[in-house]
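Comments concern the structure below.
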Amino acid sequence: MTRYQILLFLLKHSPCNQIAVQERLKIDQAALTRHFKILEKEGLVERHRNPENQREVLVETTKYAKEQLVMNPPLQHIKVKEAMESILTESERTELRRLLNKLVLGIENIEI
């Protein structure tokens with residue numbers, strides 16, 4: 001599990017509690033805590049107590065993280081995306097996007 005994958009999950013689901021991240025990404029609590037400490041140090045996530053339940057820790061991406069991941073994605077990801085797009089025709093890319101969106105929506109509704 002990479003910190004990048006954690007950030008991508010949090011972009012869609014933050015703020016959320018730390019346990020939800022752990023369960024959804026299937027990562028050990030100690031490992032997740034180490035990742036969060038590094039991400040906090042880099043200014044990419046913030047953790048704070050849930051005001052409604054002080055025993056619960058909420059995690060969310062910072063404005064800086066959103067800018068970095070959405071506005072300035074890693075160059076490697078841009079290159080891979082361009083290479084993948086060059087393999088497919090425009091109609092195939094459209095169909096692939098449609099199918100991937102359908103899968104994402106379906107997966108999000110599966111309870112684990």
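Here, each number is a calculation from the coordinates, and none is a lab measurement. Here the structure is a predicted model, which is why all the values come from computation and not from measurement. Note that each Cβ is placed from the backbone with ideal geometry, even for glycine, and that neighbours are counted across all protein chains shown.
Please give the length that would be gained between Glu111 and Arg49 if that part of the chain were fully extended, namely 0.36 nm times their separation in residues minus their C-alpha to C-alpha distance (nm, one decimal). Walk me through the numbers on the way to the answer.
On the way: separation 62, 0.36 × 62 = 22.32 nm, distance 2.55 nm.
Extra length available between Glu111 and Arg49 comes to 19.8 nm.
List every residue whose amide H lies under 5 Å from the amide H of Thr62, counting only residues 5 or more places away in sequence or on a different chain, with H placed 1.01 Å from N in the peptide plane.
It is Val45, Glu46, by chain and number.
Given (i) 8.5; (ii) 6.5; (iii) 7.3, which label gives mean projected area of the Cα convex hull in nm² as computed from the coordinates?
Correct label is (i).
Count neighbours as other Cβ atoms within 10 Å of each site's Cβ, and list the trypsin sites (Lys or Arg not before Pro) in the range 1-87 that are DSSP loop with at most 11 such neighbours. Kindly include the intermediate steps, with their values, before the conclusion.
Working: sites: Arg3, Lys12, Arg24, Lys26, Arg34, Lys37, Lys41, Arg47, Arg49, Arg55, Lys63, Lys66, Lys79, Lys81; in loops: Lys26.
In loop regions of the range 1-87 (DSSP not H, G, I, E or B), the sparsely surrounded trypsin sites (Lys or Arg not before Pro) are Lys26.
Ranking Glu60, Glu85, Glu52, Glu111 by Cβ neighbours within 10 Å, fewest first, what do you get?
Details: Glu60 16, Glu85 13, Glu52 7, Glu111 3.
With the sparsest Cβ surroundings first, the list reads Glu111, Glu52, Glu85, Glu60.
Rounded, prolate or oblate: which fits the range 73-112, taking a ≥ b ≥ c as square roots of the Cα gyration tensor eigenvalues, rounded meaning a/c under 1.5, else prolate when a/b beats b/c?
Oblate.
What is the distance in Å between the Cα centres of the range 61-112 and the range 1-59?
Centre-to-centre (Cα) distance: 21 Å.
Enumerate lysine pairs in the range 1-103 that are 8 or more residues apart or on different chains, then count those whose Cα atoms are under 29 Å apart.
Taking the range 1-103 as the scope, the lysine pair count is 28.
DSSP H helices in the chain with Cα extent of 20 Å or more along the helix axis and mean Kyte-Doolittle hydropathy at least -0.5? Don't skip to the end; give the middle numbers.
Values: long enough: 90-108 (27 Å, -0.48).
Qualifying helices, which must be both long enough and hydrophobic enough, are 90-108.
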